[in-house]
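Read through the structure below, which is laid out as structure tokens, and then see the notes.
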Amino acid sequence: MQAHSYSYAVASNPVFYENSPLHVLFAGESQTKSGHAVGPKIYDYYLLHFVESGRGIFRTEQHTYQLEENDFFLIHPGQLVSYTSDEEKPWRYRWSAFTGHHTEQVVQEAGLRVHQPVFHASDQSPIPGYLEQMQLAFYSRKSSSHLSALGYLYLIMGEAGNYLSDWTDPSGADSQIQRTVKQMVQYMSTQYAHPVSIEQMSEGLGYNRAYLSRIFKKETGISPVTYLLKLRIDKSRQLLRERPELSVEQVAASVGLTDALYFSRQFKRFCGQSPTEYRSKVKQYPQS
């Protein structure tokens, strides 16, 4: 039997947890002893482990997992678990604990559900590096390490999402087409202020424009071009009401339409009056 020297180190977040949406509590690493066992026990926070070498067994209330190098497992709060290092090849792992009222959503989006708490990463996985950097950030004792740790945690969850394919609703209600349309809406909602086009959006999302236009109109009843234009006009109405110091040209530019004449024509098409007439009416009848 190969001898393994036991080691253990952990670093806590220097920023105290005060009910923040997402908060990393601590990060650590350990070369365990042969047969080292934890539990059965429960935690009141999420606790993730990444196996750097060796092997062991992870048990939940539903399943038993034989894990080895490059395996990742996540313990959910309130879940009765135990995990035991192998007698011949005791595992070495890194870990991190996190909590907060936003954590469940992040974990769900990554695909790490209670019934799917493990995955096998590639040899080139950056996850152990992220965990190490998180631990080193806490050792610095700087308050900014709190933000660094959150960044590394999001990167880890992103990596998990790359490996897991069942992150969507198991019922299948949210189809690939619906997710793509949601991505289009998100893109237009965040980029409308820039002079972007549907072609640019299609390229950014990695799809053919004709395909995107077809599925968008099927799901929403209007074309992406019309949706984007309507979004810009709606935003311009808000600016005309709330920012009287802005000229029509400035309002147009603020919603991604650099041609003020084209903006005025489209505004009248949707609203039945020019931007100037709309603003005058709002001034006269502020509650309308």
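Considering only DSSP states other than H, G, I, E and B, which chymotrypsin sites (Phe, Trp or Tyr not before Pro) in region 73-168 qualify as loop sites with at most 11 other Cβ atoms within 10 Å? Walk me through the numbers on the way to the answer.
Values: sites: Phe73, Tyr83, Trp91, Tyr93, Trp95, Phe98, Phe119, Tyr130, Phe138, Tyr139, Tyr152, Tyr154, Tyr163, Trp167; in loops: Trp91, Trp167.
When the chymotrypsin sites (Phe, Trp or Tyr not before Pro) of region 73-168 are filtered for loop state and at most 11 Cβ neighbours within 10 Å, nothing remains.
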- Pairs of lysines 8 or more apart, or on different chains, with alpha carbons under 20 Å: count those in the chain, would you? 14
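For region 15-116, with every protein chain kept in place, what is the accessible area per residue (1.4 Å probe, Å²)? Provide the component values of the computation, followed by the final result.
On the way: 4490 Å² over 102 residues.
Per-residue value: 44 Å².
Let me spell out the model: positive unit charges on the Cβ of Lys and Arg, negative unit charges on the Cβ of Asp and Glu, origin at the Cα centre of the chain. What dipole size does that give, in debye rounded to 20? Walk me through the numbers on the way to the answer.
On the way: 28 positive and 28 negative charges, 347 e Å.
Dipole of the chain, to the nearest 20 debye: 1660 debye.
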- Message: Solvent-accessible area of Asp234, probe 1.4 Å, all protein chains present, reported in Å² to the nearest ten, please.
- Response: 70 Å²
- Going through region 1-108, which GluC sites (Glu not before Pro) have at most 15 other Cβ atoms within 10 Å and a DSSP loop state? Glu18, Glu61, Glu87, Glu88
- Message: Could you tell me the extents of region 1-109's C-alpha atoms along the three principal axes, largest first, rounded to whole Å?
- Response: 47, 33, 23
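How much net charge surrounds Pro40 when only other residues with a Cβ under 13 Å from its Cβ are counted (Lys, Arg +1; Asp, Glu -1)?
That works out to +1.
Given the convex hull of the Cα atoms of the chain, what is a quarter of its surface area in nm²? Could the numbers behind the result be given before it?
Working: hull surface 82.4 nm².
Over every viewing direction, the Cα hull of the chain projects on average to 20.6 nm².
Given that compact globular proteins tend to follow 2.2 N^0.38 Å, what is the ratio of the alpha-carbon Rg of region 200-288 to that value? Please list the in-between numbers first.
Working: Rg = 15.3 Å, N = 89, 2.2 N^0.38 = 12.1 Å.
For region 200-288, the normalised Cα radius of gyration is 1.26.
Add -39500 (n - 2.57) for each DSSP H run of 4 or more in the chain, then divide by its residues: what number comes out at 222 nm, to the nearest 500 deg cm²/dmol?
That calculation yields -13500 deg cm²/dmol at 222 nm.
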- Note on the structure: For region 192-286, the percent of accessible surface on carbon and sulfur atoms (probe 1.4 angstrom, ligands and nucleic acids excluded) is 50 percent
- Message: Taking the solvent-accessible surface of protein heavy atoms with a 1.4 Å probe, what is the per residue accessible area of region 222-263 in Å²?
- Response: 51 Å²
- Note on the structure: Placing each pseudo-label 7 Å from Cα in the direction of the beta carbon, Ser254 and His120 end up separated by a distance in nanometres of 5.6 nm
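So, with a 1.4 angstrom probe, what is the percent of accessible area on region 5-119 that is carbon and sulfur?
Numbers: 2420 of 5130 Å².
Ligands and nucleic acids excluded, carbon and sulfur reach 47 percent.
Rounded, prolate or oblate: which one fits region 143-266, using the alpha carbon gyration tensor with axes a ≥ b ≥ c (rounded when a/c is under 1.5, else prolate when a/b beats b/c, else oblate)? All intermediate terms of the calculation are to be shown ahead of the outcome.
On the way: a/c = 2.69, a/b = 1.42, b/c = 1.89.
Taking the square roots of the gyration eigenvalues as a ≥ b ≥ c, region 143-266 is oblate.
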- Given Cα pairs under 8 Å that are at least 6 residues apart, what percent is the relative contact order of the chain? 15 percent
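The values are calculated or read from the model by the stated rules, or taken from the named source; none is laboratory data. Treat the numbers as computed from the prediction; the structure is a model and nothing was measured. Glycine gets a Cβ as well: all are built from the backbone with ideal geometry, and neighbour counts include every protein chain shown. Heads up: the accessible areas ignore ligands, DNA and RNA and are worked out on the full protein's heavy atoms, side chains in. Shrake-Rupley method; radii C 1.70, N 1.55, O 1.52, S 1.80 Å.
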